[in-house]
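The structure appears right after this line, and notes come after that.
The values are calculated or read from the model by the stated rules, or taken from the named source; none is laboratory data. As the structure is a prediction and not an experimental result, all values here were calculated from the model. FYI the Cβ positions are ideal-geometry reconstructions off the backbone, even for glycines, and counts take in every protein chain you see. The accessibility values were calculated without ligands, DNA or RNA, using every heavy atom of the protein model including side chains. Shrake-Rupley method; radii C 1.70, N 1.55, O 1.52, S 1.80 Å.
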Amino acid sequence: MAWTLAPIAPLLLILTLLGMCWAVYRWLQRRIGQHASILFLVGVGLLVSYTFYTALYPADEFYQEKYEQITLLPFPASGRLIKKDASYPDVPQGHYRACALVEVAPQDYQRLQQYLANNPRFSPRSCILGDEYYDDLPFEKVAGTISCTRYAHGYAQRGPFELLYVGLLNDGKSLVIYRFSI
């Protein structure tokens with residue numbers, strides 16, 4: 001029974017929020033005036049627009065957090081996001097995919113490679129092209145054109161509902177981070 005209500009729940013939530021906004025708008029219009037009620041609507045509109053925009057186009061901090069989640073290390077000070085893409089979370093499970101091409105200083109690259117090679121949580125996986133995960137739009141947009149021959153090392157960590165991957169390119173400074181929610 002709960003699964004049959006799952007698609008309706010977001011709609012009910014949206015309708016409830018719209019009703020509350022309408023009630024506040026009418027209250028402001030009667031108590032304070034037309035300008036306050038319009039200002040309220042503009043504020044709510046901007047807040048909703050910003051929320052949708054950041055959900056569709058996450059900020060750099062989102063990808064830096066993914067780097068930390070995937071590598072289990074802090075984002076390096078020398079790190080620079082070159083290319084990035086993410087999918088919008090699925091409803092109702094919240095599954096999403098995120099991929100980024102990151103450029104770091106050579107010493108940070110070496111440090112990361114040694115850390116991943118010696119960490120038992122990660123298994124070597126040089127390239128994920130051709131795997132079931134490759135058929136994913138964020139991965140294709142960011143790393144789909146990078147051939148397997150350009151990967152010097154790759155490491156994956158598989159959780160119960162996700163694949164976390166780090167691919168170190170053979171230029172000694174670039175890496176691909178990828179999170180695939182299963």
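Counting only residues that are out of contact with any Gly (no Cβ under 7 Å at 6 or more places or on another chain) and either surrounded by 18 or more Cβ atoms within 10 Å (Cβ to Cβ) or not in a helix (DSSP H, G or I) (or both), which one in region 109-123 is modelled with the lowest pLDDT? Lay out the reasoning, then the answer.
Of region 109-123, the ones out of contact with any Gly (no Cβ under 7 Å at 6 or more places or on another chain) are 110-123.
From what's left, either surrounded by 18 or more Cβ atoms within 10 Å (Cβ to Cβ) or not in a helix (DSSP H, G or I) (or both): 112, 116, 119-123.
Values: LEU112: 93, LEU116: 92, ASN119: 91, PRO120: 91, ARG121: 90, PHE122: 89, SER123: 86.
If we take residues in region 109-123 being out of contact with any Gly (no Cβ under 7 Å at 6 or more places or on another chain) and either surrounded by 18 or more Cβ atoms within 10 Å (Cβ to Cβ) or not in a helix (DSSP H, G or I) (or both), then SER123 is modelled with the lowest pLDDT.
This table checks each residue for (1) among the aliphatic types (A, V, I, L, M); (2) closer than 18 Å to LEU81 by Cβ.
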position: ARG31; (1), (2): no, no
position: GLN34; (1), (2): no, no
position: VAL44; (1), (2): yes, no
position: SER49; (1), (2): no, no
position: TYR57; (1), (2): no, yes
position: GLU61; (1), (2): no, yes
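Going by the conditions given, is GLN29 in a helix (DSSP H, G or I) and surrounded by 15 or more Cβ atoms within 10 Å (Cβ to Cβ)? Talk me through it step by step, then tell me what you get.
Values: in a helix (DSSP H, G or I): yes; surrounded by 15 or more Cβ atoms within 10 Å (Cβ to Cβ): yes.
Against the criterion (in a helix (DSSP H, G or I) and surrounded by 15 or more Cβ atoms within 10 Å (Cβ to Cβ)), GLN29 qualifies.
Matching residues to (1) in a loop (DSSP other than H, G, I, E, B); (2) out of contact with any Phe, Trp or Tyr (no Cβ under 9 Å at 6 or more places or on another chain); (3) within 30 Å of ARG150 (Cα to Cα); (4) touching a residue at least 60 places away in the same chain (Cβ under 8 Å):
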{"residue": "GLY43", "(1), (2), (3), (4)": "no, yes, no, no"}
{"residue": "GLU68", "(1), (2), (3), (4)": "no, no, yes, no"}
{"residue": "ALA77", "(1), (2), (3), (4)": "yes, yes, yes, no"}
{"residue": "ILE82", "(1), (2), (3), (4)": "no, yes, yes, yes"}
{"residue": "CYS99", "(1), (2), (3), (4)": "no, no, yes, yes"}
{"residue": "VAL102", "(1), (2), (3), (4)": "no, no, yes, yes"}
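The residues in region 135-169 that are open to solvent by 70 Å² or more (accessible area, probe 1.4 Å) and farther than 15 Å from PRO124 by Cβ can be counted, and the count is 9.
For GLU61, all conditions in the list (1) open to solvent by less than 50 Å² (accessible area, probe 1.4 Å); (2) at pLDDT 90 or above hold save one; what is the number of the exception? So the condition that GLU61 fails would be (1).
Apart from one condition, ALA86 fits all of (1) at pLDDT 85 or above; (2) touching a Pro at 6+ places or on another chain (Cβ under 6 Å); the exception is (1).
Can you tell me which residues in region 64-82 are open to solvent by 40 Å² or more (accessible area, probe 1.4 Å) and more than 13 Å from the chain's Cα centre (by Cα)? Spell out the reasoning first.
Initially, region 64-82 is screened for residues open to solvent by 40 Å² or more (accessible area, probe 1.4 Å), giving 64-65, 68-69, 72-74, 77-78, 80, 82.
Of everything in region 64-82, those that are open to solvent by 40 Å² or more (accessible area, probe 1.4 Å) and more than 13 Å from the chain's Cα centre (by Cα) turn out to be LEU72, LEU73, PRO74, ALA77, SER78, ARG80, ILE82.
Among the residues of region 1-28, just one is polar (S, T, N, Q) and at pLDDT 85 or above, namely THR16.
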